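The values are calculated or read from the model by the stated rules, or taken from the named source; none is laboratory data. A quick note: this is a predicted structure, and the numbers were derived from the prediction, not measured. Cβ atoms come from the backbone with ideal geometry, glycine included; neighbour counts cover every protein chain shown.
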Amino acid sequence: MNESNTYPTPEQVYRELLRNIGNYMDRVRLVALDSGIPPKEYTFELNIKSIADIRSDYSPLEKDKWLLKVRLPRRAETTPDCEFLSKGGFMKPFHPHVKPTFMGKGSWIDYKKPEPDETLLDLVLRICRSLQFDPNYIDTSLDTKHIGNEKALIWFKTIHEKSPDSFPRDKNVIEPVYQILPQSPSEHGLETLDQAEAINDKAASETPNIQSSSDDENLALKDEINAPLKKKFSISLATEPYRPKRGTKPNLTIEEELNSDVRATGLRNELYVLTSAREDLFNHIDWTAKSPENLVEQGGLLLGEVYFDEASNAHIGVVERAIAAKSAESSATHLSLSHNVWREMTEKIDEEMPDKQIIGWYHTHPNRLDVYMSEADLNTQRMMFPNDWQFAVILNPHRRIWRSFIGYSGVECQGFFVKKREDDSTNSFDQEASSYSEDVTEEYDTSENIEEENPNTDL
């Protein structure tokens, strides 16, 4: 969050978005952005149950996916231009703050002025809450400056008066990672965050006992009204972002025949893959073999630690485990990791190896493809793994070659597979890295969706 009285720059907007959007993969997905550096235009897919139209019997036609394009304003103190797109099966919402425009699109008419500490992700999440018809995120004053669809407002007010507990429409309420309450809880009549959490816990435990009526049935609200409500807000203090530790180059024994296929000179950064991660990788991609699974692209996440050697001004990555995206959609030249696939991987990390850090990603270029950072790969790296300490590994299991890259620009770095020591049954890096201190130097970003497509090169 921006803690000063000034509004964020486009670079700050971009960095803040990348750092936090991974926490909302099940609800908000970044699907496109312009080619500017930093970008000025973002397109999000919102997975929110809301209303697309009202039928003749006054019952709602509901949809659960929306396409929102956000353009950053020239003046930071003004609201970004937010527009719902109508294409490819997407529709504009039927909503008090969405004004129907040309070609079936809908412009978001904000109900409040932007605040300096509201990030782009905060804005998108606030729009999501409003799309859910959460009364706290809708202006019901009939103020023409804030209302884009008066018919939608009248519908909402009418139904809300009859059955107030039927809102929000989407009972899966977004739980923000950021602290929802202002810096001073007393502004909400709360003296401490403990009291706020107590109120949240109480709200979460109370499921309204609502009787259905004929009106409810006519409006097709019965099932949703009687669905249990989740906690309305989640109070959680932001954790310190991941930062590489300081240290020097470790003394490790490597498998010389498995070194990365380095094609650049003067490389400082290095990536070491421990045997535990090597087993994860090779088992997933069937290294040296041909199978139905590895004839198409495969990929996943790299877990471990990153160290910074000040003497050589180099980052040293140590991959301890690799998490395979086994349910990803792919072809011989394409890999797509949807928000569901991402959630599966992060849940596995949380359950089985919560102490591990995501330090990058990997994927294959199978068959006769070369191993390099295609333009699509670079876009993925820039959007999802932009920090100067985050790695990308590209492997071809059939040609038995691989290369490693690092940072926003995908610069090549040296890659090594580490031999397992006879006296090291756990293959832990702790003994080799015992000289590293806990000082920190960099920042950690989370990431969202990986979609990449390589040119069909016949090599």
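Okay, here's what the table says:
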item: In the stretch 265-282, the residues that are hydroxyl-bearing (S, T, Y) and in a loop (DSSP other than H, G, I, E, B); result: T265
item: Pair list, Cβ < 6 Å and 6+ apart or interchain, from the stretch 62-91 residues that are over 15 Å from S50 (Cα atoms) to residues that are at pLDDT below 85 and aromatic (F, W, Y); result: A76/Y7; E77/Y7
item: Every residue from the stretch 283-310 that is touching a strand residue (DSSP E or B) at 6+ places or on another chain (Cβ under 9 Å), surrounded by fewer than 17 Cβ atoms within 10 Å (Cβ to Cβ) and not in a loop (DSSP other than H, G, I, E, B); result: N283
item: Residue ranges of strands (runs of 3 or more DSSP E) in the stretch 358-420 with at least 1 members at pLDDT 95 or above and hydroxyl-bearing (S, T, Y); result: 401-406
item: Failed item in (1) surrounded by fewer than 22 Cβ atoms within 10 Å (Cβ to Cβ); (2) hydrophobic (A, V, I, L, M, F, W, C); (3) touching a residue at least 40 places away in the same chain (Cβ under 8 Å); (4) over 22 Å from D26 (Cβ atoms), with A324 passing the rest; result: (4)
item: Breaking point among (1) touching a residue at least 40 places away in the same chain (Cβ under 8 Å); (2) within 22 Å of D370 (Cα to Cα); (3) assigned to a strand (DSSP E or B); (4) not aromatic (F, W, Y), for I316; result: (2)
item: Scan of the stretch 334-348 for residues that are in contact with a strand residue (DSSP E or B) (Cβ under 6 Å, 6 or more places away or on another chain) and surrounded by 17 or more Cβ atoms within 10 Å (Cβ to Cβ), ordered by number; result: L335, S336, L337, H339, M345
